[in-house]
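The values are calculated or read from the model by the stated rules, or taken from the named source; none is laboratory data. Just so we're clear, the structure is a prediction, and the values are computed from it rather than from any experiment. Virtual Cβ from ideal backbone geometry, glycine too; neighbours counted across all protein chains shown. What goes into the accessible areas is simple: the full protein's heavy atoms, side chains included, and nothing from ligands, DNA or RNA. Shrake-Rupley method; radii C 1.70, N 1.55, O 1.52, S 1.80 Å.
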Amino acid sequence: AAAVAGYSSVPVQVFAGPILFNTVITGVGPGVAHVRASPEVAPDSVETTRWTYGALSAFAAVDTRDRVAFPSRGARLLATAAWSPGAGASFRHVTVNAERWIPLSPAVSLGTRVAATRAWGDDVPLDHVSFVGGDIVPALGANQFFALYGAEALELVGTASQVAALSAQAELRPDLFVRATVNAGRAGDGWTVAPDAYRTGLGVTLGTGTPIGPVELTLSTSDLGDTPQFAFSLGRAF
């Protein structure tokens with residue numbers, strides 16, 4: 001039987017590191033986390049699982065986009081690494097999440113996005129497992145949750161994930177945008193380039209800015225001709 005689970009994570013992390021070239025923020029430092037996964041609807045054999053562990057983490061981040069919502073130029077990169085040698089868990093984890101926007105004209109831009117994560121170890125906690133799928137994903141956990149048109153919300157789960165997307169965006173009038181995206185992604189136990197391992201789909205988003213953040217309406221479907229899905233979001237991602 002399928003399980004519906006509750007998931008909570010309470011991390012405490014300390015970072016220290018230099019700012020490079022005035023644009024690249026880096027950091028490395030220790031941290032601790034308490035993670036709990038509990039079945040809400042599940043077979044009797046599925047039990048609550050907890051991890052309390054310490055880890056050493058590092059990150060590098062850069063963001064040169066002209067705006068957070070509907071950027072027309074610039075790039076964003078977030079790369080992280082974590083290592084726990086058995087202090088409550090035993091794992092290694094690396095992630096890369098990047099996007100690039102290139103203006104083709106004053107009103108039209110082309111964007112690309114790629115993301116890849118990989119965790120190894122005897123005891124990988126749930127907060128280092130990837131979830132892929134859906135039009136809207138939780139803002140917290142930017143390198144754990146990945147949107148993917150053509151898959152149900154957080155449908156694909158694994159210790160490794162890969163996502164790629166290509167978008168074309170047009171500004172119809174000041175602060176009114178339409179964006180078309182084709183994407184492919186997967187999650188599993190390891191990386192692969194086999195085409196049949198990927199879920200693919202496309203989405204079209206209409207959006208605008210408001211004082212409390214962007215408003216977006218998205219129509220998406222898979223390449224299998226599934227029933228199209230609508231998603232609506234309002235406000236900034238925190």
Selection over the stretch 188-238 where residues are open to solvent by 90 Å² or more (accessible area, probe 1.4 Å) and over 23 Å from residue 111 (Cα atoms) yields a count of 7
Flagged in the stretch 70-113 as touching a Ser or Thr at 6+ places or on another chain (Cβ under 6 Å), farther than 24 Å from residue 27 by Cα and open to solvent by 60 Å² or more (accessible area, probe 1.4 Å), in numbering order, are none
Note on residue 67: of the conditions (1) surrounded by fewer than 16 Cβ atoms within 10 Å (Cβ to Cβ); (2) at pLDDT 95 or above, unmet is (2)
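Can you name every residue in the stretch 139-198 that is under 16 Å from residue 72 (Cβ atoms), of a type outside the set (D, E, K, R) and in contact with a Phe, Trp or Tyr (Cβ under 8 Å, 6 or more places away or on another chain)?
Result: 169, 170, 177, 181.
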Within the stretch 117-126, the count of residues that are open to solvent by less than 30 Å² (accessible area, probe 1.4 Å) and either in a strand (DSSP E or B) or of a type in the set (Lys, Arg) (or both) comes to 2
Restricted to the stretch 127-167 and to residues being outside any loop (DSSP other than H, G, I, E, B) and among the aromatic types (Phe, Trp, Tyr), the residue surrounded by the most Cβ atoms within 10 Å (Cβ to Cβ) is 146
Residue 156 fails exactly one of (1) of a type outside the set (Gly, Ala, Ser); (2) under 23 Å from residue 204 (Cα atoms); (3) within 10 Å of the chain's Cα centre (by Cα), namely (3)
